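In what follows, a single structure is set out as structure tokens and then discussed.
What follows draws every value from the coordinates through simple rules; no lab data is involved. Because the structure is predicted, anything quoted here is derived from the model rather than measured.
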Amino acid sequence: MDPAIAESIGPVLVLLGVCGTILMGVKLRYSHKEKMRLGEGGSVEAQRLEEEVATLRDEIHGMREGFAELYERVEFAERLLTKGRAEGEG
């Protein structure tokens, strides 16, 4: 093999190696980001957060039911007071 050709191929091979390494690093980084976005690797944390959200939703639902019941009681008390005043005046 001609020494001039060997000297030309060396830097090309080094450049290809460096570019390949950079591309592999980029691929690994984005595949890791995608796994994290989909929940792989952080599934325990994602599951804990989902359970916490479900618990908070249940609590909010209970509070809404409680407020609805309180609203009905206040309305009933207002009707009784209004009725008592009307009978007291008449």
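Observations on the model:
- Spread over its residues, the convex hull of the C-alpha atoms of the stretch 14-90 is 91 Å³ per residue.
- Note on the chain: with a GNM built from Cα contacts shorter than 10 Å, the maximum mean-square fluctuation among Arg73, Arg29, Arg37 falls on Arg73.
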